[in-house]
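Throughout, read-outs are computed from the coordinates displayed, never taken from laboratory work. Worth saying up front: this structure is predicted, and the values here are computed from it rather than measured. Note that each Cβ is placed from the backbone with ideal geometry, even for glycine, and that neighbours are counted across all protein chains shown.
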Number of protein chains: 2
Amino acid sequence: MTETFVVVGGDAAGMSAASKAKRDDPDLEVVVFEKGEWVSYGACGLPYYVKGEIQSLEALVSVTPEEFREERDIDLRTGHEVVDVDPLERTVTAEVESSSETVVQSYDHLLLATGAEAVVPPIQGAEREGVYTLGSMSDGKELREYVARARTEESFQQPDRGPACRYLEDCSGPVGVVGGGYVGIEMAEALAENGFEVHLFQRSDRLLTGFSGATSDAVAEHLREQDVAVHLGSEVRALAGDGDGGNGNEGGRENNDERTDGAVRAVVTADERVPVEMVLLGTGVRPRTALAEAADIELGPTGAIATDAYRETSVPDVYAAGDCAEAIHTVTGEATYAPLALTANRHGRAVGQTVAGDPTEGGPIAGTAAVKAFETEAARTGIIDHEEARQAGFDPVSETIDAKSRAGYYPEGGTVTITLTADRETGRVLGASLVSEYGEGAVHRSHAIVGALEADATVSELENYDLAYAPPFNTTWDPVLVAAKVLSGTVQ
Amino acid sequence: MTETFVVVGGDAAGMSAASKAKRDDPDLEVVVFEKGEWVSYGACGLPYYVKGEIQSLEALVSVTPEEFREERDIDLRTGHEVVDVDPLERTVTAEVESSSETVVQSYDHLLLATGAEAVVPPIQGAEREGVYTLGSMSDGKELREYVARARTEESFQQPDRGPACRYLEDCSGPVGVVGGGYVGIEMAEALAENGFEVHLFQRSDRLLTGFSGATSDAVAEHLREQDVAVHLGSEVRALAGDGDGGNGNEGGRENNDERTDGAVRAVVTADERVPVEMVLLGTGVRPRTALAEAADIELGPTGAIATDAYRETSVPDVYAAGDCAEAIHTVTGEATYAPLALTANRHGRAVGQTVAGDPTEGGPIAGTAAVKAFETEAARTGIIDHEEARQAGFDPVSETIDAKSRAGYYPEGGTVTITLTADRETGRVLGASLVSEYGEGAVHRSHAIVGALEADATVSELENYDLAYAPPFNTTWDPVLVAAKVLSGTVQ
C-alpha cells in the first residue's frame, strides 16, 4: 500500500524533505501544505531585493510550484493553512484560502516545517503604519515598494539630512532600523545604499551579539564610516507617530506618545527621540510552534520543537525540521536553537531520506553564520561567549589577533581579525569570530575552524593544519593559523 | 655551560628555527650560516616582483639580517658557505666568501635547512644566454632586469607577434616558459602582463599535474583566454640559439642546434620550433642534500633528507627541515616531498622549540598548495591522483562538480569546480582540487577540506559540516558541501 508523507510548510526544510523523499522513494505519496503562495524561496536574499540588487522576487525562488508539481511529482498545495494535527488519527486539517473549505489529509509520516516568524517586540507604536518586519516575501515586496516610493517623492529629497546621510544630494528618510543582528545590519546597508539616512538602534552595547566583541566593534566602526548612525545601548521605548504633533516636536511628546494610530514619525529611546519616516524591526525570530503545541508535541528548553537525532518529535512519525525546531550543538552536545538556512535544508533533506526508508541524521550544528555589512564581512561559529562556554562546562580562554589577509608585500590585501576561543584545560577549540574587509576572506576562512569544531580538534592541532598558501591569498601562516598559534601559547 | 645551535641556511626553515630557539631559550647560542646575502625572504613573491607589482626585492624580506643580529641576538653569518659537516666531531666548516678563509664551528644541535634548487633539465642549450630559472633572489633580480630592458628596446616592440601577443601595440618577446607548475604559470602571468608574447611548454598533457584534470583544464583554458600560447604534451628537446642561423630558420636547424653557445633564439620540441627571445625554466626543484650525503646522513625514499617526527635525521642532534627534507603525509602516513613555504616555517619553528628543550613535532603535511593564474585561483590538498591513492592502499573514487560561488540570485559570483576524492570502502576523504575565478574562493574553501583530511573525516561527515552561509559568500550548500553530497552518493 502506498504510504503518504505530509509536509506542513513549503520553504527550505519542507521542500527539501519532500523532494528528497520523492526522489528516493517514487512510490511515496508526498503532500505539502503551504499557507502562502511562495515556496522554496531564499529569504536570506530579501535584503538584497530591497536594496535593488535583485530585480524580482521570483529570482529568489529556487524551484517553482509548477516544477515541484510537474517535474518532482509532489502534491504541493499552496494557499492551504494547516490548522490542526491529530496524531491519534494521523491526520492534518487544512483551511483552503481560496474557498474557505477545510480538507483533512491522513499521513503515515508527518513533517512540521512551519518555520519562524519575526518577533515584534512589545514596543508602544510597533503596529503603526510605516513599521515593517522582514520575514516573508510579502514583507520584502512591501519594503521594496516603500523604497521605490520614497525615492521618487520630492518631499523626501532634502539637501542635507546631517552626517548620517549617505548621499547628500539624494537623501531620503531618515529611517530607523531596530536591532543590530543580521537582518538589521543587512537592511541598514540596503536602505543606506538607496540614499536613506539610517539610524540603527541596538539594545545591547554592541552589534552582532553572537559574534566576538572585536567583530562587533569592527562592524560598528565600518557602519559609521558608511554614515549609518549606530545607536548602541539604545533600547527603543516607543515608536511615536503623527499624533504627537510632528517630527521631533519635543513639546508634544508626553501627551501624545500614548496614541498608536497614524504613521510612525520618531524612534524614542531613554536618551533621545530620533525623527524617522519608516522603521524596520529586525529584532529576531521565534519558532512557530502553535500547531505542535496544540497536538501535545513537546517543545525543548529553547522553546522550539524538540527532536531526536533523526528530527523525530516526541510523537512517533512526526518530524520537525528547520526554523521551528531545535538541533544539537556540535560543541556542547546540548539542544540549541539557531534558525539558519543550511540547517533547514540539511535537516529537511535528512527527514526526506529517513521517511523514504534510509534513516539519516542531519547532524549537529555549530551555529555558524556569516554576514556582509557594506564592505566588511564577518563569520562566527561554535561558542565564543565565555558565560555560555562556562555553562556548558568549559573553562574558556580567547585570544584576538589582527593578521594580514595576503602576503605583506602583495599589492592588495587587508586585515583579518580573529577571536579564537578554546577550553583552557583540554585545548579544545570551542569557537571563533572573524571579520575582514569584504573579499579578504573572513567568511571562507571560518571553514577551517568549522572543520576543527567538527573534529573536536585542539588549538595545537588547528595550528598544524596544512592550509593552502600563496601570496595573493594569505601570509605563509594563514590568519587562522596565527590565531591558533597565539592561543596555543595561552591554553594549558 | 652554554649550548650552541648551528643552522645551515638562512631562509624560512633556518631563520624560523633560529628565532624560535633563541626566543624560548635566550641562553642558547644560535649561529646561522647563509652562503648568500639574503635571509628570510619570501621566494613565493618573486613572480610578483618580476611582474612589477612589488617594487623592491627588500620588500620580500620579512626580517632583515640586522634585525636578526641586533633584535633577536642571533649570530647570523651571511656570505658563509658550509662545506662540511662532521657529526663525530660535532662541527661544521664554512668558507667565508669575502676572505676565502675557512671557519670551523662546533655545535650541540645542528639544523640543515639547505633548501632546494631549481632543476635545470638535461635539455640541449639550457645553459645558453637568455635562459633563466627562478629560485633565488638574484634570479628574480636578473629576470626583472630582463623585463625592464626588453620593454625599452625598440627592436622588441613589434606591431604584431600573432595571437599569443597580449598587448599588440606594446608586445615584446616572444618568450618561452618551460614547465606548467606554479612557477611556470605565475611567470607566464608575470611576463604576459608585461606585454610579452608567452609560450608555455608542458611535457605532460596537462598543466598543474598535482591538481585534478578539471582544475588543469580550467587553468589552461583561462591562460589561453589571456593569450598565453599553451603547448601541452610538448617535451622540449633543445633550446636553439644564435648559431643556428636565426629565428625559426628551418634550413639551419639540423646543422646548428648542436652548438650551445650564443643566446637562445627558439624552443624546439618534437613537433615545432617556436622563436623566442628568452626562456624561463620552471621545471621543478630538488632538495639540496650534498652536505647531508657527505656526512652520511640518510636520505629517504623521495631523495630528500629523511627525518623522524621531530625532524631529527639519522644522526643524533642533527635536524633537517624545509625544502631539503621529507615530511610525513597526512593521508598516507608515508614519507613525502612537498617543498612549500608553510612546511618550512612550521617545521623550522618546531625544531627551534625542540632544541630549546620542548620537543615539538611539526606535524604531517597534506601537500596543500594554491596558485593564482591571472583571474583564476586554484588549490589542491591531499591525494587526488588515483594511481597514487591505490599505491597507498586506497580504493579511490572521485567526483567533480560545478557549483555557483554565491547565491544564484546574487548580482556577483562565478563558478567553483571541485574534484573530491575519497576511499570507496571507508568513505574517508583523501583529497581535493578546486578552481574558481580569482576572488570566488576556491583557495580559502580548500580550508574546509584540509580540516576534513586532518580529522580523517568521511565524505558523509564533510557533507554535514556546518559551514557559514550568506548570499554574498555562497549558496546555502557551499560548493564544498555540494561536492561531498555528490560523492557520498558514490562511495559505499
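About the Cα centre of chain A, how large is the charge dipole given +1 on each Lys and Arg Cβ and -1 on each Asp and Glu Cβ? Please answer in debye to the nearest 20.
On the way: 38 positive and 85 negative charges, 219 e Å.
Magnitude of the dipole: close to 1060 debye.
Across the residues of A:436-446, average count of Cβ atoms on other protein chains within 10 Å? Provide the component values of the computation, followed by the final result.
On the way: counts 0, 0, 2, 4, 1, 7, 3, 10, 16, 6, 6.
Per residue, the number of nearby Cβ atoms from other chains is 5 on average.
To check you understand DSSP bridge types, tell me what percent of the beta bridges within the protein assembly as shown (both residues inside) are antiparallel, rounded to 5. Please list the in-between numbers first.
Values: 115 of 185 bridges.
Rounded to the nearest five, the antiparallel share is 60 percent.
Given a Förster distance of 35 angstrom, what is the FRET efficiency for A:E298 paired with A:R424, based on the Cβ-Cβ distance and rounded to 0.05?
Numbers: r = 36 Å, r/R0 = 1.03.
About 0.45, to the nearest 0.05.
Would you tell me the mean number of C-beta atoms belonging to other protein chains that fall within 10 Å of each C-beta in B:453-461, as a whole number? Working shown, then result.
Numbers: counts 3, 11, 8, 1, 3, 0, 0, 3, 4.
Per residue, the average neighbour count from other chains is 4.
Show me the GluC sites (Glu not before Pro) within the range B:417-475 that DSSP assigns to loop and that have at most 13 other Cβ atoms within 10 Å of their Cβ. Mind showing how you got there, number by number?
Values: sites: B:E425, B:E437, B:E440, B:E454, B:E461, B:E463; in loops: B:E425, B:E440.
Those that pass, being in a loop and sparsely packed, are B:E425.
Only bridges with both residues in chain B count here: give the DSSP antiparallel percent, nearest 5.
On the way: 57 of 92 bridges.
Here the share of antiparallel DSSP bridges comes out near 60 percent.
Taking the Cα centroid of the range A:39-70 and of the range B:261-338, what is the distance between the two, rounded to the nearest whole Å?
53
Closest beta-carbon to the B-to-A rotation axis: which chain B residue owns it, and what is the separation in whole Å?
For the rotation taking chain B to chain A, the closest Cβ gives B:G451, 1.
Hey, what's the per residue convex hull volume over the C-alpha atoms of the protein assembly as shown, in cubic angstrom?
Spread over its residues, the Cα hull of the protein assembly as shown gives 199 Å³ apiece.
Hey, got a sec? Which GluC sites (Glu not before Pro) in the range A:49-99 land in a DSSP loop and have at most 16 other Cβ atoms within 10 Å? It would help to have the intermediate numbers written out before the result.
On the way: sites: A:E53, A:E58, A:E66, A:E67, A:E70, A:E71, A:E81, A:E89, A:E95, A:E97; in loops: A:E53, A:E89, A:E97.
Passing both the DSSP loop test and the Cβ count: A:E89, A:E97.
Contact order normalised by length for the range A:353-412, with contacts defined as Cα pairs under 8 Å and 6 or more residues apart; what percent is it?
Worked out over the range A:353-412, it gives 16 percent.
Over chain B, what is the relative contact order in percent, taking alpha-carbon pairs closer than 8 angstrom and at least six residues apart?
Details: 1220 pairs, mean separation 66.5, N = 492.
Value for chain B: 14 percent.
Tell me the mean residue ellipticity at 222 nm calculated for the protein assembly as shown from its helices only (DSSP H runs of n ≥ 4, each -39500 (n - 2.57), averaged over every residue, nearest 500). Numbers along the way, then the final one.
Details: 24 runs with 234 residues, N = 984.
Taking each H run of at least 4 residues, the total per residue is -7000 deg cm²/dmol.
What FRET efficiency would be calculated for the residue pair A:D217, B:A270, taking the C-beta separation as r and a Förster radius of 51 Å, to the nearest 0.05? Can you show the working numbers first?
Details: r = 63 Å, r/R0 = 1.23.
According to the calculation, E is roughly 0.25.
Show me the GluC sites (Glu not before Pro) within the range B:272-307 that DSSP assigns to loop and that have at most 15 other Cβ atoms within 10 Å of their Cβ. All intermediate terms of the calculation are to be shown ahead of the outcome.
Values: sites: B:E272, B:E277, B:E293, B:E298; in loops: B:E272, B:E277, B:E298.
Answer in residue order: B:E272, B:E298.
Within a 10 angstrom radius of each residue's Cβ in A:473-486, how many Cβ atoms of other chains show up on average? Whole number is fine. Show your work: numbers first, answer last.
Values: counts 11, 5, 5, 12, 5, 5, 0, 3, 3, 0, 0, 0, 2, 0.
Whole-number average of other-chain Cβ neighbours for A:473-486 is 4.
If I take all pairs of Cα atoms in chain A, what percentage of them are more than 30 Å from each other? Show your work: numbers first, answer last.
Working: 64403 of 120786 pairs.
When all Cα pairs of chain A are counted, 53 percent exceed 30 Å.
Can you tell me the Rg and the Dmax, both Å, for the Cα atoms in the range B:375-488?
Computed over the Cα atoms of the range B:375-488, radius of gyration and Dmax are 13.5, 45 Å.
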